[in-house]
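Written below as structure tokens is the structure these notes are about.
The values are calculated or read from the model by the stated rules, or taken from the named source; none is laboratory data. What you see is a predicted model; the values in this text were computed from it and never measured. When we count neighbours, we look across all protein chains shown, and the Cβ atoms used for this are built from the backbone with ideal geometry, even at glycine.
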Amino acid sequence: MTELQHFQELKEKVLLKYQEQFPFFQGNWKNFSSQDIQNLIGSIEEKCKQTISEKWIYTHLKPETNSKIPRKDMLNILSEFVGFSGWDEFVFEEIAETKDVLEIKASKTSKKMLWFIVLTLIFVLAIAFVIFYKKEVPELKTIQLNNEFTNEKVNSEEVKVYEVKDSVSKQLEVKEGKVIIDNSDDKKSKIVIKSPFYKTKTIDLNSNETEVKSTNNVDLTPDDFAMMLKAFMLSDIKNWETRKVQLDKILSDNLEVLVLLKNDLGVEFFNKSEFSQKLIVPTPSVRRMKIIEIKNDQNNKIQFIRIKQE
């Protein structure tokens, strides 16, 4: 701060000191009247035992701005009038006060900056937590697999469900006809449902039209011939002639049947005639057979059967 700036501050303090003694005056140096000038001269003489002329006040105090600083002896008188020992102490205190103000402002700025940094850090951490939480905690969805015609849940042992993502297939566990899928992953994925007794079904999890998006149920369409074959293998014989006719309708003439024997003892092969003879008069060993794969020919007749012996 320059000396002229200090002098401007001194002029303001003189005006404030005058208003303490003459509270009815609420103006500034521009409208400081001749009577106000006489009052100020009297106040200065009374307190400082020094005299300031009316002309000096008009020359140095009345102007809104000053081009040069007055003599130091006059500055000492005004400084004493406002409560200082002289001009030097006034300037020193002004510098100290300005420094304090700057330090306070700097301190406030530092505190604001600190709070800004803290709040920004909290915001960033909150965003990171939301992203991490969303990424790490999957949005699980339970899908119930039902028979399309009977609306009954499928036998968990008769279906296999695979999740295919980025050409990588992973088998999902099926319990009580239900399967749990991760419905929150943004990667392109689908589930493939396979069964010897139901038609294969593929569901695109990323499609807005997939039934998994709107319901917790997925209907599987039964393969009629495969269902009939399972019934023949599990039921008691009532009319073997009728069963023989029915088997002839659902089994292809080129039927191949592979039976995986227990304890890795090998594989047993049957053709249509041999396999039909087993089913016409089923034995307890036939009822313990578990169909794990069925393939149909172009006429939808069963052409291939893979069986596991239990």
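Here is how the numbers come out for the structure above:
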read-out	value
Condition met for Thr109 (on the phi < 0 side of the Ramachandran plot and either at pLDDT below 85 or in contact with a Ser or Thr (Cβ under 6 Å, 6 or more places away or on another chain) (or both))	yes
Check on Phe92, farther than 20 Å from Lys30 by Cα, within 58 Å of the chain's Cα centre (by Cα) and either at pLDDT 80 or above or not in a helix (DSSP H, G or I) (or both)	yes
Single residue of the stretch 150-179 satisfying the filter (modelled with pLDDT under 85 and part of a strand (DSSP E or B)) that is nearest to Ile305 (Cα to Cα)	Ser169
Residue in the stretch 69-76 that is part of a helix (DSSP H, G or I) and either exposed (fewer than 15 other Cβ atoms within 10 Å of the Cβ) or at pLDDT below 90 (or both) present	yes
Among residues of the stretch 42-68, those that are surrounded by 12 or more Cβ atoms within 10 Å (Cβ to Cβ) and in contact with an Asp or Glu (Cβ under 7 Å, 6 or more places away or on another chain), counted	1
Filtered residues of the stretch 268-293 (kept if modelled with pLDDT under 90, hydrophobic (A, V, I, L, M, F, W, C) and either surrounded by 13 or more Cβ atoms within 10 Å (Cβ to Cβ) or assigned to a helix (DSSP H, G or I) (or both))	Phe275, Leu279, Ile280, Val286, Met289, Ile291, Ile292
First in the stretch 149-172 and hydroxyl-bearing (Ser, Thr, Tyr), second anywhere and modelled with pLDDT under 85 and assigned to a strand (DSSP E or B), Cβ under 6 Å, 6 or more apart	Tyr162/Ser169
Gln309 being at pLDDT below 85 and either touching a helix residue (DSSP H, G or I) at 6+ places or on another chain (Cβ under 8 Å) or surrounded by 15 or more Cβ atoms within 10 Å (Cβ to Cβ) (or both)	yes
Single match in Gln26, Gln8, Gln38 (criterion: surrounded by fewer than 13 Cβ atoms within 10 Å (Cβ to Cβ) and at pLDDT 90 or above)	Gln38
Asn300 out of contact with any strand residue (DSSP E or B) (no Cβ under 9 Å at 6 or more places or on another chain), touching a residue at least 60 places away in the same chain (Cβ under 8 Å) and more than 22 Å from Glu157 (Cβ to Cβ)	yes
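Matching residues to (1) small (Gly, Ala, Ser); (2) touching a helix residue (DSSP H, G or I) at 6+ places or on another chain (Cβ under 7 Å); (3) assigned to a helix (DSSP H, G or I):
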| site | (1), (2), (3) |
| --- | --- |
| Leu40 | no, yes, yes |
| Ile52 | no, yes, no |
| His60 | no, no, yes |
| Asn66 | no, yes, no |
